[in-house]
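The structure appears right after this line, and notes come after that.
The values are calculated or read from the model by the stated rules, or taken from the named source; none is laboratory data. Since we're looking at a predicted model, the values are computed, not measured. Glycine gets a Cβ as well: all are built from the backbone with ideal geometry, and neighbour counts include every protein chain shown.
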Amino acid sequence: MRRTLLVLGIIVDLLFPIGARSQSPPAPRPLTVVLYPFIPEYSTVQAELKKGFQTLHPDIVVNFLDLTSNYYDSTKANYIGTTKADVYELDSVFLKEFVKKGLIKQWPPHVLLPEDQLVRNAAAGSKVDGIRYGAAHWLCGNFIFFNKTDAAFSNVKRLSDLEKVIGGSNHPAGRGLAVDLKGKSTLGEFDLETAFDHYGDWQQAHQHLSSIDPILEYDLVRLINLCDPGMCRNGDYHSNDPEIYARLFDDQKARVLLGYSEGLHPALVESAQCKQGVQCLKDSDIDVAGFPSDDNGRHQMSWVDSYVLDSASDQQRTADAAAFVEYMQSDEVYKMILLHSGVAPAYLLPAKASLYQDAEVIHAAHLYPQLKSLIEDAEVPSEVGLNDELRARGAQLDRQLSCNPSN
């Protein structure tokens, strides 16, 4: 018996040396991630993602960097272009710049979803020179939302059509357009969108961004005139309460909401909390159409937010980053963000095509199939310096439009 115990003791010592038995498990490896911050319920979503990923990968701890206040602002020390992280959720406005500056590198092939699993413009918008650098995650684009009983908006093809249906600058109070048309980022993007509609494609539109184009500025003035006086160029709303436009639309104090699909989230939050006696719009009451910003018709443009990999990542950091992106691309995580425990769906546009037909998603947010059909063939502009170019152009437009007393 003693000999047996002795032999067993020797075997244990060989397999599990005393030093190894006394060592603590290795500390989790840090992974620094910049999430795209402008999504509904961002703080709550971020906390849920951290907890869920840590459960699956206890050997990796995710540290999220919050760039809510300076993601796009290159005049600040810690904006997306100068922040150091392992994984960036990158707006496509920056994608070509990050590639050309050598800030990111390609993912291992297994990380990227097959292109036939993506919405078409998601695949296109995550490439530079035909090479996929981004693991596409979200799509963004402007649409018009309206009460489905207002069927005339479904046939709007040109800005003049929109003017005719709303009634131009003489529309009744509370029956106009709800949209934020204040600030340099906002106006820079609307100016680019108008250039797409007027000139037809990115190649032509880009040639008209170097200086103020009077045709495009006039289209913006026409758009402003569809708002109630003082509403859409309101600096206080823009800085302190940008969701007010969605709430006004839901309370039927504006006839049309213009903006990204996720702009419906605060409208539907308002609907869920609707006060007695107020006629609020439910999800099932709302319809959607493309937004024409010029009389030449609609040439849809969009942005694509993709996960990109820092160029300095070593083999271990790349493997950890890949695990995070694969987690984020799962249906379960997508639906957690789209349908999380809040009172209304996020209405973000996923890059993953199958989610637009998912029964659970459509039950909560019925517009997804229509939104996909409107955005899937959109062009996705990207160029070195484009973000700063649009902001400078928007700042100039903001100053010029503020000189117009009617705004």
*Just one of the numbered conditions (1) under 20 Å from F145 (Cβ atoms); (2) crowded, with 19+ Cβ neighbours inside 10 Å is not true of A195; which one?*
(1)
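Count, please, the residues in the stretch 72-87 that happen to be closer than 22 Å to E383 by Cβ, in contact with a strand residue (DSSP E or B) (Cβ under 9 Å, 6 or more places away or on another chain) and free of Cβ contacts under 8 Å to residues at least 12 places away in the same chain. Before the answer, list the steps.
Our first condition is that a residue be closer than 22 Å to E383 by Cβ; within the stretch 72-87, this holds for 72-76, 79-83.
Cutting the leftovers down to in contact with a strand residue (DSSP E or B) (Cβ under 9 Å, 6 or more places away or on another chain) gives us 72, 80, 83.
Checking the rest, the ones that are also free of Cβ contacts under 8 Å to residues at least 12 places away in the same chain come to none.
Of the residues in the stretch 72-87, 0 are closer than 22 Å to E383 by Cβ, in contact with a strand residue (DSSP E or B) (Cβ under 9 Å, 6 or more places away or on another chain) and free of Cβ contacts under 8 Å to residues at least 12 places away in the same chain.
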*Condition test on D294, is it under 18 Å from L177 (Cα atoms), at pLDDT 95 or above and surrounded by 17 or more Cβ atoms within 10 Å (Cβ to Cβ)?*
yes
*asked:* Please list, ordered by residue number, the helices (runs of 4 or more DSSP H) wholly in the stretch 209-290 having 1 or more residues that are closer than 29 Å to R393 by Cβ and touching a Phe, Trp or Tyr at 6+ places or on another chain (Cβ under 7 Å).
replied: 214-224, 244-250, 264-272
*Of all residues in the stretch 68-80, which are modelled with pLDDT of 95 or more and within 23 Å of R317 (Cα to Cα)?*
I80
_Enumeration of residues in the stretch 390-407 that are modelled with pLDDT of 80 or more and either touching a strand residue (DSSP E or B) at 6+ places or on another chain (Cβ under 9 Å) or not small (G, A, S) (or both)_ = L390, R391, R393, Q396, L397, D398, R399, Q400, L401
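Can you report the number of residues in the stretch 161-185 which are outside any helix (DSSP H, G or I) and touching a residue at least 24 places away in the same chain (Cβ under 8 Å)? So that I can check it myself, show each step before the final result.
As a first pass, look at the stretch 161-185 and keep what is outside any helix (DSSP H, G or I): 167, 171-183.
Cutting the leftovers down to touching a residue at least 24 places away in the same chain (Cβ under 8 Å) gives us 171, 173-183.
Adding up the residues that qualify gives 12.
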*Could you check E376 against (1) surrounded by fewer than 21 Cβ atoms within 10 Å (Cβ to Cβ); (2) closer than 30 Å to Q54 by Cα and say which number it fails?*
(2)
*Looking at the stretch 32-56, which of its residues are without any contact (Cβ under 8 Å) to a residue 60 or more places away in the chain, in a helix (DSSP H, G or I) and of a type in the set (S, T, N, Q)?*
S43, Q46, Q54, T55
*Restricting attention to the stretch 206-213, does a residue exist that is crowded, with 18+ Cβ neighbours inside 10 Å, aliphatic (A, V, I, L, M) and modelled with pLDDT under 95?*
yes
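Given the residues Y356, Y334, which is the only one that is free of Cβ contacts under 8 Å to residues at least 60 places away in the same chain, assigned to a helix (DSSP H, G or I), under 24 Å from E41 (Cβ atoms) and within 18 Å of the chain's Cα centre (by Cα)? I'd like the intermediate steps shown before the answer.
Working: Y356 fails: free of Cβ contacts under 8 Å to residues at least 60 places away in the same chain.
On inspection, the qualifying residue turns out to be Y334.
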_Scan the stretch 305-328 and tell me whether some residue there is loosely packed, with under 14 Cβ neighbours inside 10 Å and touching a residue at least 60 places away in the same chain (Cβ under 8 Å)._
yes
*Run Q203 past the list (1) surrounded by 14 or more Cβ atoms within 10 Å (Cβ to Cβ); (2) of a type outside the set (D, E); (3) assigned to a helix (DSSP H, G or I) and report the number of the one that doesn't hold.*
(1)
*Taking into account only those residues within the stretch 65-95 that are under 13 Å from W303 (Cβ atoms) and not hydrophobic (A, V, I, L, M, F, W, C), which is surrounded by the most Cβ atoms within 10 Å (Cβ to Cβ)?*
S92
